[in-house]
Amino acid sequence: MKAIESLDFVVIDTEGQRELREIAIISSEGKLIYEAFNQEHPDYVQRLLQNKPLKSILLDFLEITNHKLIIFHNSKHDLQVLKNSFQKTNLSWKKFNQVQCTYQLAQQYFPSYYSYSLGYLAQKLSLKVDRHYFDPRQCHTARYDAQFTYQLYSAIQKKMTQTPIQVNPFGSSRVDNPFQSHPDNTNIYHTQYTILESVIDDIKYDQNHQSKGAVIIGEPGTGKTHLIMRLAKQRLELNRLLFIPCPNDAKTIKYHTYSCILESLNKKILDIEYNQLEYFLANTFIKIIQSINNPSQKIQNILNSIQKSPLNLYKILGREGSQTRRDNWDYIEKITNAWWVNKYGAAGYAPEIIKGIVKFCRYSDFNYKKLVKKWLAADELDPEELTKIGLSSWHTEMSKEDFSLEAIAVLGKLSLLNEPLIMVFDQLEMLGLEHNQHILLNFGEAVKEIFTRIPHSLIIFNLFPNRWQQLQQIFDGSIIDRISQYQIFLEQPTTEEIRDVLQLKAQEIGADLAGLFTTQELNQIVSQKRSIRAVLNNAAEYFRYKYKNIPLPDQKNLKIYNLENNSASQDVFSRLTQLESQQNRLEKLLKNIAQAFNVFVDDRDEDNKETSAATNHNSTISLPTLSSYLVPKSLEEKIIGYLETQKRILEQEYSEAEIILDEKDAGKLKDIVQAFSKIINLEIDILPSKRVLPPHLVISNRNICIGFLSACKGSRFTSRIQNYNEFIATKKLIKFLLWRDIRSDAIREKTVGSKEIVKLNQTKNGQFKPFERNNRITFELIYKFISDIYNQDIEINIDNELEPALKIVAECFHEYWLIKELWQGKRQKIRR
């Protein structure tokens with residue numbers, strides 16, 4: 001479109017059905033420069049001023065509009081009135097080339113609106129003349145309509161000159177973990193945040209350094225994880241923040257907790273190239289050498305170099321790969337271990353864990369670092385791998401659960417040299433499901449042990465109010481008393497606070513909230529607020545509707561959203577709204593039919609000016625202008641949008657090193673199957689055995705057993721697959737699958753383990769399968785969807801929408817192996 005804003009223009013409104021009754025002209029500065037009434041018109045009402053013969057008015061019109069762009073609203077109607085008037089006065093009609101129509105422009109720039117009448121657009125866009133909104137009782141006078149047409153044209157000009165906004169600033173409405181970065185209005189929950197900081201100080205200065213518990217209680221979407229994100233932003237240079245989502249295996253609660261702690265420690269600190277564990281060691285080491293009496297010159301030199309910034313430790317130890325660097329790291333390891341033994345003794349496996357922490361920070365080579373991380377994660381390493389990194393095997397001395405508790409205790413004791421640990425248990429809603437009762441009970445016992453064994457820590461639990469009530473009924477008093485020494489409640493923020501959050505989001509893309517939405521739109525966005533997340537989701541939908549031409553989602557029950565206060569009753573207003581919607585759809589249909597048959601159809605605005613004026617003139621009742629519309633919400637659109645977004649996130653995160661836990665995968669599988677059992681009959685079990693098997697799940701009425709064996713190798717892998725193969729040989733009617741993640745170490749050829757893989761694949765009812773990238777992402781996506789429903793991180797009503805939601809997901813992934821296995825022999829196609 002031509003850049004018309006650079007042209008001198010006038011805005012004109014005419015009134016009259018066949019010939020001109022009155023006219024008003026507004027300049028490009030928004031001033032009324034001409035107004036006249038045709039004294040020859042049949043409906044002429046005598047006025048003292050601006051009364052003129054029709055021919056005189058038309059000559060004035062030609063003079064004023066010469067070489068100017070003319071703006072009309074519904075130009076076809078206005079031009080036809082003027083043409084008829086020219087013919088009546090025997091003036092030559094000329095074709096005006098420089099004409100724009102705000103009715104047509106609005107259709108182009110606001111394609112999803114239900115109406116393009118001047119009244120509807122004026123109210124929808126919050127237009128004002130002389131500080132007053134559009135009043136339907138004053139419309140259909142040339143001056144009034146011309147003034148609002150000028151405001152409408154200005155709004156369209158602004159829309160035309162805006163740089164297209166590509167990014168939806170409200171598209172990310174949730175904080176999945178505290179290491180993410182989202183705009184933060186620190187005024188919201190400032191008191192609650194201050195309490196958390198004060199508890200950290202209490203722990204730090206407590207002579208006994210006892211850990212304390214805090215329960216953060218809030219409805220879904222109120223910002224519990226967001227509050228922890230704020231804590232991370234403010235405290236990560238001082239404290240280590242450890243994020244632990246919901247466990248899903250009853251036997252490995254402590255290992256699950258520890259593995260999540262390791263993943264947290266591997267997270268980079270914002271704006272710093274080092275991760276939490278490297279930062280932790282640097283701060284710990286400087287405190288250790290500061291405590292040494294009569295330090296050597298070497299120690300004094302190190303102290304002088306890292307006094308201002310402990311992270312300088314990694315820069316002063318010598319050139320990468322040099323003997324000097326190796327000697328210095330050996331010295332750090334020696335000093336640290338000597339301090340530990342002197343402080344806590346040499347008993348247990350703690351001294352070796354200290355060595356592992358130092359070695360993880362020592363190595364910059366990716367392969368070495370990966371091996372140390374696997375060792376710290378309690379994975380089994382080959383003897384040559386252990387020799388390579390200088391660590392010993394722990395498997396003959398303790399279980400994974402015991403190792404995990406010991407390692408967490410080491411971290412707690414090291415933190416005594418600096419700042420308390422912050423441990424956050426979040427996304428715990430699935431613990432409340434009936435089939436997870438055993439996990440919940442074991443979780444309570446594990447938490448009790450953590451409080452007993454781990455010093456100097458703030459341990460936070462993010463919970464919904466109903467889940468907190470459940471825990472109080474299930475856990476014994478000793479657990480409840482420990483975890484709820486502080487109870488922090490998150491109440492619904494005020495409307496003003498929520499608007500501030502929206503403004504912060506808009507500023508992220510360099511926009512202003514007032515520029516993105518009208519006042520009425522903003523009122524609508526925040527009017528249905530149930531939580532901060534709900535408002536952000538609402539804003540995201542409005543943004544897509546307004547800037548991407550994506551219709552607002554359907555709602556199961558059509559709901560009226562009023563854009564203005566109106567005295568008409570809700571029932572009458574609802575019916576009027578539906579009539580308007582039907583009228584517009586019918587009009588569009590008729591236009592399409594007319595175009596198909598090449599029939600001329602008068603493209604008049606639905607409030608044809610003369611007809612409407614006559615109606616108003618003859619009627620004593622002025623119907624309210626319709627300024628509501630139906631906002632339906634489609635469950636399917638919501639789910640597909642969610643799946644697309646989360647899939648992209650999982651694809652981005654896949655390359656990050658992950659601690660793979662077979663028990664966790666089996667637990668996820670169990671949660672998935674339990675969820676789908678709500679829409680299809682599924683019965684689950686495990687294989688009866690006293691021997692150690694790969695973590696697995698039997699779906700007995702599908703005759704399939706699905707196992708996972710990714711987290712071990714060597715003798716542990718061999719013994720588990722051998723035991724699995726024995727069942728395969730004796731349970732001929734059951735199909736056995738055994739998955740191994742491709743990110744796990746390859747099983748060496750010609751070993752007993754590799755021979756057992758071949759043996760499994762040669763059976764008629766067994767398969768050893770690689771869990772490759774796309775397979776893993778889809779598996780995690782289905783689990784995350786189910787988990788997010790129960791954690792209410794996606795707005796799906798568990799009581800009413802869970803079953804249809806599961807059917808939609810099953811249909812989306814009907815070609816995925818797991819969905820096929822769940823529906824095998826039952827339906828060829830999943831029907832909703």
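The values are calculated or read from the model by the stated rules, or taken from the named source; none is laboratory data. As the structure is a computational prediction, the values presented were derived from the model and not from experiment. So basically every Cβ, Gly included, is an ideal-geometry build from the backbone, and we count neighbours across all protein chains shown. Protein only, heavy atoms only, side chains kept; ligands, DNA and RNA dropped before computing areas. Shrake-Rupley method; radii C 1.70, N 1.55, O 1.52, S 1.80 Å.
Give the residue that is surrounded by the most Cβ atoms within 10 Å (Cβ to Cβ), with candidates limited to residues of the range 12-21 that are acidic (Asp, Glu) and farther than 14 Å from PHE86 by Cα. Going through the qualifying residues, I end up with ASP13.
Considering the range 76-105 alone, what residues qualify as being part of a helix (DSSP H, G or I) and closer than 19 Å to SER28 by Cβ? Residues satisfying the conditions are ASP78, THR102, LEU105. Taking the range 731-771 as the range and being open to solvent by 30 Å² or more (accessible area, probe 1.4 Å), polar (S, T, N, Q) and part of a loop (DSSP other than H, G, I, E, B) as the test, the residues that pass are THR751, GLN762, THR763. Restricting attention to the range 122-131, the residues being under 32 Å from the mean Cα position of the chain (by Cα) and open to solvent by less than 10 Å² (accessible area, probe 1.4 Å) number 1. If you go through the range 380-410 and keep only what is in contact (Cβ under 8 Å) with a residue 40 or more places away in the chain, over 20 Å from LEU265 (Cβ atoms) and either open to solvent by less than 40 Å² (accessible area, probe 1.4 Å) or aliphatic (A, V, I, L, M) (or both), you end up with GLU380, ASP382, MET398. Taking the criterion of being closer than 17 Å to ASP145 by Cβ and of a type in the set (D, E, K, R), the residues of the range 21-50 that qualify are ARG21, GLU22, LYS31, GLU35, ASP43.
Just one residue in the set PHE134, PHE110 is under 37 Å from the mean Cα position of the chain (by Cα), among the aromatic types (Phe, Trp, Tyr) and either open to solvent by 30 Å² or more (accessible area, probe 1.4 Å) or within 26 Å of ASP512 (Cβ to Cβ) (or both); that residue is PHE110. The combined condition, being in contact (Cβ under 8 Å) with a residue 24 or more places away in the chain, in contact with a Gly (Cβ under 6 Å, 6 or more places away or on another chain) and surrounded by 15 or more Cβ atoms within 10 Å (Cβ to Cβ), is fulfilled by TYR150. Residues that are closer than 30 Å to LEU281 by Cβ, among the aliphatic types (A, V, I, L, M), surrounded by fewer than 17 Cβ atoms within 10 Å (Cβ to Cβ) and more than 22 Å from the chain's Cα centre (by Cα): does the range 413-431 have at least one? The answer is yes, given that some residue of the range 413-431 is closer than 30 Å to LEU281 by Cβ, among the aliphatic types (A, V, I, L, M), surrounded by fewer than 17 Cβ atoms within 10 Å (Cβ to Cβ) and more than 22 Å from the chain's Cα centre (by Cα). Summed over the range 667-701, the residues that are of a type in the set (D, E, K, R) and either crowded, with 21+ Cβ neighbours inside 10 Å or within 18 Å of HIS256 (Cβ to Cβ) (or both) give a count of 3. Determine, yes or no, whether SER484 is among the polar types (S, T, N, Q), over 30 Å from GLU406 (Cα atoms), touching a Gly at 6+ places or on another chain (Cβ under 7 Å) and touching a residue at least 60 places away in the same chain (Cβ under 8 Å). Taking the combined requirement at face value, the residue does not satisfy it.
A count restricted to the range 64-89 and to residues that are without any contact (Cβ under 8 Å) to a residue 12 or more places away in the chain and more than 24 Å from GLN151 (Cα to Cα) stands at 2. For the criterion of being under 16 Å from GLN767 (Cβ atoms), without any contact (Cβ under 8 Å) to a residue 60 or more places away in the chain and outside any helix (DSSP H, G or I), LYS690 fails. Considered as a group, the residues in the range 42-63 that are modelled with pLDDT of 90 or more and surrounded by fewer than 16 Cβ atoms within 10 Å (Cβ to Cβ) include one that is nearest to ALA24 (Cα to Cα), and that residue is ASP60. Within the range 251-279, the set of residues being among the aliphatic types (A, V, I, L, M) and buried (at least 17 other Cβ atoms within 10 Å of the Cβ) comprises ILE253, ILE261, LEU262, LEU265, ILE269, LEU277. Take the residues in the range 173-207 that are without any contact (Cβ under 8 Å) to a residue 24 or more places away in the chain and polar (S, T, N, Q); name whichever of them is most open to solvent (accessible area, probe 1.4 Å). Among them, the one singled out is GLN207. Among the residues of the range 781-807, those identified as open to solvent by 10 Å² or more (accessible area, probe 1.4 Å), assigned to a helix (DSSP H, G or I) and either among the β-branched types (Val, Ile, Thr) or within 17 Å of LEU650 (Cα to Cα) (or both) are TYR783, LYS784, SER787, ILE798. Here the range 719-730 is the region considered, the condition is being touching a Ser or Thr at 6+ places or on another chain (Cβ under 8 Å) and without any contact (Cβ under 8 Å) to a residue 40 or more places away in the chain, and the residue that is surrounded by the fewest Cβ atoms within 10 Å (Cβ to Cβ) is ALA729. A Cβ distance below 6 Å, combined with a sequence gap of six or more or placement on separate chains, defines the contacts here; from the range 807-818, residues that are more than 15 Å from GLU637 (Cα to Cα) reach residues that are open to solvent by 20 Å² or more (accessible area, probe 1.4 Å) and among the hydroxyl-bearing types (Ser, Thr, Tyr) in the pairs TYR816/THR778. Kindly evaluate ILE640 against the criterion of being under 22 Å from PHE717 (Cβ atoms), under 25 Å from the mean Cα position of the chain (by Cα), of a type outside the set (Asp, Glu) and modelled with pLDDT under 95. Answer is no for this residue. The C-beta contact set for the range 29-58 (first residue of a type in the set (S, T, N, Q), second residue assigned to a helix (DSSP H, G or I) and open to solvent by less than 30 Å² (accessible area, probe 1.4 Å), distance under 7 angstrom, 6+ apart or interchain) comprises ASN38/LEU54; ASN38/ILE57. Among the residues examined, LEU236 does not qualify as more than 25 Å from GLU449 (Cα to Cα) and either in contact with a strand residue (DSSP E or B) (Cβ under 7 Å, 6 or more places away or on another chain) or open to solvent by 30 Å² or more (accessible area, probe 1.4 Å) (or both). Taking the conditions (1) in contact with a helix residue (DSSP H, G or I) (Cβ under 7 Å, 6 or more places away or on another chain); (2) at pLDDT below 90 in turn, LYS668 satisfies each one other than (2).
When the residues of the range 292-340 are filtered to those that are among the polar types (S, T, N, Q) and not in a helix (DSSP H, G or I), the one that is nearest to LYS355 (Cα to Cα) is SER322.
A quick yes/no check of all residues on (1) in contact with a helix residue (DSSP H, G or I) (Cβ under 7 Å, 6 or more places away or on another chain); (2) closer than 30 Å to ILE450 by Cα; (3) outside any loop (DSSP other than H, G, I, E, B):
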| residue | (1), (2), (3) |
| --- | --- |
| VAL175 | yes, yes, no |
| SER181 | no, yes, no |
| ASN185 | yes, no, no |
| VAL199 | no, yes, yes |
| GLN207 | no, yes, no |
| HIS226 | no, yes, yes |
| LEU231 | yes, yes, yes |
